[in-house]
Amino acid sequence: MTDRQGILADRTVLITGASSGIGAAAARVFAREGAAVVVTARREDRLAGLVDELRAQGARAAYVVADVTRSEDAVRAVEFTVERFGRLDAAFNNAGYGVGRTPLHLMDDRVYDDIMDTNVRGVFNCLRPEIAAMLDSGAGGSIVNTSSTGGLVATPVAAPYVVSKHAVIGLTKAAAAEYGGRGIRVNAIAPGTTRSEMVADWFEQNPEAEEMLHRATPQPRTAEPEEIAEAAAWLCSDRASFVTGSTLVVDGGFTIL
């Protein structure tokens, strides 16, 4: 599975939100491209199974259970990565949270807080120790944050999610501006609708929604998680060496219409 000549050869990468969907796909793609991979999320059973799979295929992989809404957990995940593999070269801050479609005037305070805590505070919590570790190594690094097409355009009845994903792009730009001169690149990806477990379940219950999204997309289909992971891997690699502060849209053209 691993390819030490891949675009992430001999790099160490930390991936959050890796128990399923885009995060789990990223672990497989990054390992295939030669990286040592540390995966983190809250579901230990999923993480353990993923790491067993990667190791069986020749990858260097480990996991640490962490909740990115807790700053001490984010610090612990970075410290574990450095202790296990010697350094942190790249990070994919992918952990995110979304809820069902609810009109703004009916939105509960807790829903807003939960979304903002995971999608914004979670990225903020991870960026701080990741940047610190890269500065300590003196070798710089690359960080990719997961936003969404909801961070670029307004999605009806999803106000807190839209706010949070716009904030991720702003945080990405701020970090890129602050640390670009010190060898650290920070970018975001904005996936379109991607066939995660949650999305697949939603489509099964609402087949008309899938058809509607396809009609609104120049490439009339749903992305596979691996397609988003490939974009993140490129941004983490030296092939994107002059790219920072950018948001790479991976949406089949949804936002151009």
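The values are calculated or read from the model by the stated rules, or taken from the named source; none is laboratory data. This one's a predicted model, so the numbers in the text were calculated from it and none came from an experiment. For neighbour counting, all protein chains shown are included, and Cβ atoms are generated from backbone atoms with ideal geometry for every residue, glycine included. We work out accessible area using only protein heavy atoms, side chains counted, and drop any ligands, DNA or RNA first. Shrake-Rupley method; radii C 1.70, N 1.55, O 1.52, S 1.80 Å.
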Quick check: convex hull of the Cα atoms in segment 203-257, volume per residue, rounded to a whole Å³?
95 Å³
Restricting things to alpha carbons, find the Rg to Rh ratio for the chain using the Kirkwood radius for Rh.
0.95
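Averaging sequence separations of C-alpha pairs under 8 Å and six or more residues apart, then dividing by the length of the chain, give the relative contact order as a whole percent.
For the chain, the relative contact order is 19 percent.
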By what distance, in whole Å, do the Cα atoms of segment 85-144 stretch along each of the three principal axes, largest value first?
49, 16, 14
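Can you figure out the FRET efficiency of Glu224 with His105, using R₀ = 30 Å and their beta-carbon distance, to the nearest 0.05? Kindly include the intermediate steps, with their values, before the conclusion.
On the way: r = 36 Å, r/R0 = 1.19.
E(calc), rounded to 0.05, equals 0.25.
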Before anything else, pin down the relative contact order of segment 85-134: Cα pairs under 8 Å, at least 6 apart, normalised by residue count, whole percent.
59 percent
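How much length is gained on full extension from Met198 to Arg42, taking 0.36 nm per residue of separation minus their Cα-Cα distance?
Numbers: separation 156, 0.36 × 156 = 56.16 nm, distance 1.63 nm.
Result: 54.5 nm gained on full extension.
How compact is segment 1-90 by the rule of thumb for globular proteins, expressed as Cα Rg over 2.2 N^0.38 Å?
Details: Rg = 11.8 Å, N = 90, 2.2 N^0.38 = 12.2 Å.
Here the Cα radius of gyration is 0.97 times the empirical estimate.
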Expressed in Å to one decimal, the Kirkwood Rh of segment 77-116 from all distinct alpha-carbon pairs is 13.2 Å
Hydropathy at least 1.6 by Kyte-Doolittle, axial extent at least 24 angstrom from the Cα trace: which helices of the chain, defined as entire DSSP H runs, fit?
none
Where the centre of each part is set by its Cα atoms, how far does segment 176-255 sit from segment 1-64, in angstrom?
19 Å
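Tell me, rounded to the nearest percent, the portion of alpha carbon pairs in segment 1-154 spaced more than 20 Å apart.
Here the long-distance tail beyond 20 Å is 48 percent of all Cα pairs in segment 1-154.
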Run the numbers for Asp114 and Arg84: contour at 0.36 nm per residue of separation, minus the present Cα-Cα distance, in nm.
7.7 nm
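Carbon and sulfur: what percent of the chain's accessible surface (1.4 Å probe)? Please list the in-between numbers first.
Details: 6120 of 11950 Å².
Exposed carbon and sulfur together represent 51 percent of the surface.
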Percentage of Cα-Cα pair distances in segment 144-257 greater than 22 Å, rounded to whole percent?
36 percent
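Rounded to two decimals, what ratio of Rg to Rh does segment 115-174 give with C-alpha atoms and a Kirkwood Rh? Each step should come with its number before you reach the end.
Values: Rg = 13.2 Å, Rh = 12.3 Å.
Taking Rh as the inverse mean 1/r over Cα pairs, Rg/Rh reads 1.07.
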How big, in percent, is the set of alpha carbon pairs in segment 84-199 lying more than 20 Å apart?
44 percent
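With an 8 Å cut-off on Cα pairs and a minimum separation of 6 or more residues, tell me the relative contact order of segment 133-257 in percent. Write down the numbers at each step before the final one.
On the way: 186 pairs, mean separation 40.8, N = 125.
Result for segment 133-257 is 33 percent.
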Cut-off 10 angstrom, C-alpha nodes, Gaussian network model of the chain. Which of Ala36, Ala56, Ala132 fluctuates the most?
Ala56
